Structure formats: C-alpha cells, structure tokens
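To start, the structure under review is shown below, and the notes come after it.
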Amino acid sequence: MSVVPMKRISVAAMKRDRKAVLEYLQVLGVVQISIREKEDDIFTRTDMSKSQQVFLKNEDKAEDALAVLKRYAPEKTSLLFSFEGRKALSKTEVDERIPKTTGTIRSCGEILELERQYADLVSQIPKLEDQKTALAPWLKFDLPMDLTATRTTAVFIGTLQGTYTLEMLYTQLKALSNVETFHGEIISADATQTCIFLVCEKEDQPAVREALRRMNFASPPATDMNPAERVREIDAQIADVRKKSDKTLEKIRSYEPLREDIRFASDYYAARAEKYGVISELLQSRRVFFLEGFIPAPKAQEVAGNIESRFDAAVEVMDPGAKETAPILLKNNGFSEPLEGVTESYSLPGKKEIDPTFLSSLFYYILFGIMLSDAGYGILMFLATGFILLKFGKTMEEGMKKTMRMFFLCGIATTFWGFMFGSFFGDAVSVIGQNFFGKGPDFGLKPLWFAPLDEPMRMLTFCFIIALIHMFVGLGAKAYMQIRQKQYLDMIYDVVLWYVLLISCIVYLLTVPTMAEMLSVSPLSTSLQKPMMILMIVSAVGIILTGGRESKNWVKRILKGLYALYGISGWLSDILSYSRLLALGLATGVIAQVFNSMGSMGGNSIPGVIMFIVVFLIGNVLNLAINALGAYVHTNRLTYVEFFGKFYDGGGKKFRPFAANTKYYKFKEEM
C-alpha cells in the first residue's frame, strides 16, 4: 500500500560511451529521463530526428511486411496464444541477431513489392471478367467489334436502352433520320438493352448517326476480333494472370521463415528510434554528455554503482526538489497488486495522496462477488484464470498477469457469495434433480446464509450496510491524509463532524419502527432519539460554520457552509447506488433460472436431455459473459464515484522509464 519513493539521478559520462550507457539504461528500463538544464555555450543538444525517422521507417516497413505475411501466410497459433507474452532475449542473443537486421529490412521491402505486384494482378481479374460480361450479349455476332465501314457503307455496332424489335428500330430510325435505305439486325435483347448491327449508305451516315444519338446509342469496346474470339482471348488472359498471381503469392509465402527475424527487426528499430529520441534531448559538449532523470529509490544506488563501474562516468543520486513532482510507481502486496490497473484507469495519486489500491482491494472483490454471486460461475472463473496463470505465468505480460489475478480473486469471491446465497448455475441442482432423477421439490443447493430472491429486503439492507462501511472507510482515508499533513482541525471539520452527523442520522432512523420494519431489522430504543437529535443539530451547525472557512466574509462563509451541509443529499444518493448489488445479483440468478427452466421443457427423455445440455451451456455462457462484464463495470463505478469521491483526487503522472518498448521480444540485462 505505497507509492515507490523516487530519486533524482544525474549521469555525466564521456561521449564515446553514450551509446553503451543509453543501451544499458534502455534495457534496464528503470530511469525516466527528464532533462532540466537549458543549453549554453558548452552544453547543447544534437538533432537526431533524421536518424530517428530512418529507424521509424524501418520499423514501419517491418510491421507492414508482418501484416502481409499474416494475411497471406497466417501463423498457426493456439487459442491461448495471446497469453504467452513476449520471448525474452539475453544481451548475447540480441547482439547475435543485430547484424541480420539490414538484410531483413531488405527482405521486407521485397515482400512489400511482391504484395503490390500481387494486388495489381488480382485487380486485373475483375476488370477482365467485366469485359466478358459486356461481351456476353454479342456472342452470336461473328464480325469484328471495331468494324465501322466498308467501301460503300457505314456500319454501326452498339446498344440501345430498353427493348427493341427490328420493326420498332426501323420505324424510329426512319422518323428521326428521314433515311429510307438501311439494313439492321437485332443481335440480342433483354429488359435493359438491345444490341444492334446497322448498315447504311455512306452518304446517309451523318443523319443515321444523329438519329442513333437521339436514341441513346452506345458503342461497345472496340476490338478487331469477333466477340467469341475476344472472350477466348480474355479467358486466356485471366488464366495467365491467375498463374502469375499464384506464383507471386508463393514467393510471398516463401518469406514465412523470416517472420521471427522480421519481428526482431521491428523491435530493434523501434528501440533505436526511442534511443535516438532521447539523444536529441541530451545536453552534450564535444567530449561529455549529461543525463538526468527519476529512478525508484530501491534501485538507485545499484544502478549508479553499475554505471560507474562499467563506464567512465560520474553518477549522483539525490532527493527530488521540493517543487518537483516525481512520477508515480505503485507497489502493493499480492492481494492488492492486481487492482493497480483499476486505480491507474481512474488516476494515479497526487503528490500528497496515498495509494488507494489497498483500501479499494478490501472491498473490490467483495462487491464483484455479490454482483455475480453464483458459485458455478465463480468456479469457472477461478479455474480458467488459474490454469492460464499456471501455464503462462512466467512469460505473460505484467498487465495481463495482473488482470488474470484480479479475475482469479473475483472468481473466488463469486464462489463464496454463490454458496452463501445458494446459487450454483442458478437453480441447476434443483432442476436437474427434479426433472431427470426424480427428486422431490425440496431437493437443491441450500444457501449457507439466505436466498436474496426469497428475501430481497434483507439483501437490500445488507447492501446498504456495505455501502456505509465502504464510504466510511473512504472518509477515514481522508482523515488519515489530513493527519499525515498535520491538518488536524481540517480533519475534525471535514471528517469527524460528518461521522457524527451521519451516524446520528442512521441511529435516529433506526429508532423509528416503520423504518426499521422496512429494513427488516429490530428497532432501536426510542430513548436514543433525543441524544441523536442533539448530535445531528450540533454536527450540522458545525458543518455550516466550518464548511466555508476559507472565506473571510461571514455571509459567504455561512452560504458555503449551507452548501456543504447540502452534501448530505449526495450521501443518500451514494448509499442508494449500492442497490445495484441487489439488482445485478438478482439478475444473474433469475436469468440462469430462466435458461434452466427453458432447457428442462423437453422432459426426461434422450431428446430432452440433449435439449437441456444445449440450452444450459449456451444460456449460462451468455449469462456469465454479460453479468461478469456488468459486475466489473459497476464495481469500478462504485469504487470510482462512491469510494474515491470521499477522499481521492488523483492527478499523479505515471512513471514511464526509458525502456525498449517492444512488441515481440524482451531485451534482458542482468543487474
């Protein structure tokens, strides 16, 4: 339950060691470089952007080549491939692979060129097919399609919109052209167009052409072959294009053995681009360079000693300045660590705040388990995540490992609350026993505590109790931070007075029989009403007088105090928000019961058993997926709004060390 303390580290080293020092720090990944000093006559910055762009271009080329291989030579992977993580390479292995990267990038260029050629070839086939389609109505025509005239006649070959008969064609042409002598043929006709062949005397050509234009005449693509010959030629062209494209595709696939080399090249050039980006920020003289940044305090002395022993360098480790805001790195125990991502998704702690991960973990798994609250679903969750952690835990990425551990613990909590509330795939035990094994109506899994479906008000009261404990702990965390900052009066005004007001209100309400009966609890003695009323008035007056204490004007102070007291309505709405624990818990159980009832409609027969199994599997998989997502979302919502809202603002900046941020391999360095 802590934020890792940070130190400032300054390194002054010979320029000849710049590459080696940066590579060492990059592989370690423990220093966030942050240069404060400005340039002067001695120390300046060197623009390395051109070299960086070359490396980024090589990285992009490698990624594009991998995308081509993925598209045309897909890799065979297991269903759990995404959990395997990156393969670790030692410094020796990295050094052995580096000389091959230049040739690998050249091969990437060849792959991309082949992919361009393949795309060009493939794009030709639809165009050729369109030409065949356009010639289909002309297959009965046995003259060249580019024929336009003979020695004494003009020839028109083309299409008219709509359906024409030869008589209609003659009638319309004579009317529009005033030409009486011509010869026409209908090659083919359908609902959309009519293909015609028309011959007239040469002196009548202008008039006939104008008449055809007015009839929306269109000429087909010209060719010196008849349509049947042209179709045969197109078929030959398509076959040739397909043959060439197949050969090109085989050439692309022949690069598949280079996939791992390409991945390494992508990572290598990405790391080099990042390194050169840092070099551009370094202050350097003709012989010396200067580097500064933040480092986790536990590693500071060891890294400083290693640099001084390996290189001709001077290293200084110091505390950050009073006005500096150090980056945030969280460190928690195994129970809380899986929720660091949840905290980070909201915001990392500010300079004077505590890490809320531990406190939120005390409730997070409980809230999730109550919302899902089915022992069958919980068992599936912790078995699945447990298997993944056992199989891939050593190689899995840290973020994914935390997520799996979080759902593993959520699965255990879900199993616990499922048995407490008597839910195992809904009422599957009862339905199976009664429908397929002849058990009585009382057969089934009994709740260890109570069944929320039978006692919803009792469950709602339990949810409100959790809400009060959850938010009171949040308010207590605010008191802790104020005590740590020696803000003792602020702690009394902002926390103690609210504790008194809220507790006295709750006790007073529980002395009212109607309220106690609504909540299914025994009423408290009415003798408590008067002292609770006094405490409510005193604490409310205290909040009014102190809620706007930063104002010197008493009118503004009282108005702000009244507004602060109005915040009690927010507490009421926050408590009611926890009714979602009841709503989601009931939804999970009811939906599971509905699917169980649907599955059992086939009765006790072989088809009925098959129907039950199918409906049971599909229904419960869907129910688990939907309600597990709902439980995750609403648990985060209760944590962010109702819990963090009582004490936590965030605003810290994440610790982002200079590292080899690679996709496929981890570059190791022994400390």
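The values are calculated or read from the model by the stated rules, or taken from the named source; none is laboratory data. Model, not experiment: these values are computed from the prediction. Because the Cβ atoms are built from the backbone with ideal geometry, glycine has one as well, and the counts that use them run over all protein chains shown.
Things to note:
Yes or no, residue by residue, for (1) surrounded by fewer than 16 Cβ atoms within 10 Å (Cβ to Cβ); (2) over 30 Å from the mean Cα position of the chain (by Cα):
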site	(1), (2)
Asp574	no, no
Phe595	no, yes
Val621	yes, no
Leu629	yes, no
Tyr632	no, no
Phe644	no, no
Tyr664	no, no
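- Filtered by the rule that a residue be part of a loop (DSSP other than H, G, I, E, B), over 20 Å from Leu147 (Cβ atoms) and not hydrophobic (A, V, I, L, M, F, W, C), region 159-203 gives Gly162, Thr163, Tyr164, Thr165, Asn178, Glu180, Asp190, Thr192.
- All told, Ala239 meets the bar of being closer than 19 Å to Gln124 by Cβ and either surrounded by 12 or more Cβ atoms within 10 Å (Cβ to Cβ) or at pLDDT 95 or above (or both).
- Restricting region 515-569 to residues that are of a type in the set (D, E, K, R) and in contact with a Lys or Arg (Cβ under 7 Å, 6 or more places away or on another chain), the residue that is nearest to Leu497 (Cα to Cα): Arg549
- Test: residue in region 493-511 that is over 30 Å from Leu372 (Cα atoms) and either touching a Cys at 6+ places or on another chain (Cβ under 9 Å) or part of a loop (DSSP other than H, G, I, E, B) (or both): yes
- For region 569-607, a tally of residues being assigned to a helix (DSSP H, G or I) and either among the polar types (S, T, N, Q) or not assigned by TED's automatic domain parsing to the domain that holds Asn623 (or both) returns 9.
- Qualifying residue in region 445-468 (condition: in a strand (DSSP E or B), under 39 Å from the mean Cα position of the chain (by Cα) and either among the basic types (Lys, Arg) or within 28 Å of Val614 (Cα to Cα) (or both)): no
- Counting only helices (runs of 4 or more DSSP H) that fall entirely inside region 33-140 and contain at least 1 residues that are polar (S, T, N, Q) and over 25 Å from Met396 (Cα atoms), the qualifying elements are 49-72, 101-135.
- Matching option when the condition is at pLDDT 95 or above and either more than 30 Å from Tyr276 (Cβ to Cβ) or touching a strand residue (DSSP E or B) at 6+ places or on another chain (Cβ under 9 Å) (or both), among Leu572, Leu559, Leu624, Leu565: Leu624
- Residue match in region 261-269 (condition: surrounded by fewer than 16 Cβ atoms within 10 Å (Cβ to Cβ) and acidic (Asp, Glu)): no
- The set of residues in region 280-339 that are part of a helix (DSSP H, G or I) and out of contact with any helix residue (DSSP H, G or I) (no Cβ under 9 Å at 6 or more places or on another chain) comprises Ala297, Pro298, Ala300, Gln301, Glu302, Ala304, Gly305, Glu308, Ser309.
- Pairing each residue of region 425-444 that is part of a helix (DSSP H, G or I) with any residue that is basic (Lys, Arg), provided the two are 6+ apart or on different chains, yields C-beta distances under 7 Å for Gly433/Lys439.
- Restricting region 242-254 to residues that are free of Cβ contacts under 8 Å to residues at least 12 places away in the same chain and assigned to a helix (DSSP H, G or I), the residue that is farthest from Ile125 (Cα to Cα): Glu250
- Matching residues in region 264-309 - criterion: being touching a strand residue (DSSP E or B) at 6+ places or on another chain (Cβ under 9 Å) and without any contact (Cβ under 8 Å) to a residue 12 or more places away in the chain: Gly305, Glu308
- Scanning region 558-578 for residues being among the charged types (D, E, K, R) and under 14 Å from Tyr493 (Cα atoms) gives a total of 1.
- Whichever residue in region 197-220 is under 60 Å from the mean Cα position of the chain (by Cα) and surrounded by 15 or more Cβ atoms within 10 Å (Cβ to Cβ) and, among such residues, is modelled with the lowest pLDDT: Pro220
- Some residue of region 582-595 being touching a Cys at 6+ places or on another chain (Cβ under 6 Å) and not acidic (Asp, Glu): yes
- Flag if Gly418 is in a helix (DSSP H, G or I), touching a strand residue (DSSP E or B) at 6+ places or on another chain (Cβ under 9 Å) and closer than 30 Å to Phe83 by Cβ: yes
- Of the residues making up region 347-370, those that are in a helix (DSSP H, G or I) and more than 10 Å from Ala413 (Cα to Cα) are Thr357, Phe358, Leu359, Ser360, Ser361, Leu362, Phe363.
- As for region 585-592, it holds no residue that is on the phi > 0 side of the Ramachandran plot, in contact with a helix residue (DSSP H, G or I) (Cβ under 9 Å, 6 or more places away or on another chain) and either modelled with pLDDT of 95 or more or of a type outside the set (A, V, I, L, M, F, W, C) (or both).
- All conditions in (1) free of Cβ contacts under 8 Å to residues at least 24 places away in the same chain; (2) in contact with a helix residue (DSSP H, G or I) (Cβ under 7 Å, 6 or more places away or on another chain); (3) loosely packed, with under 11 Cβ neighbours inside 10 Å hold for Thr152, with the sole exception of (1).
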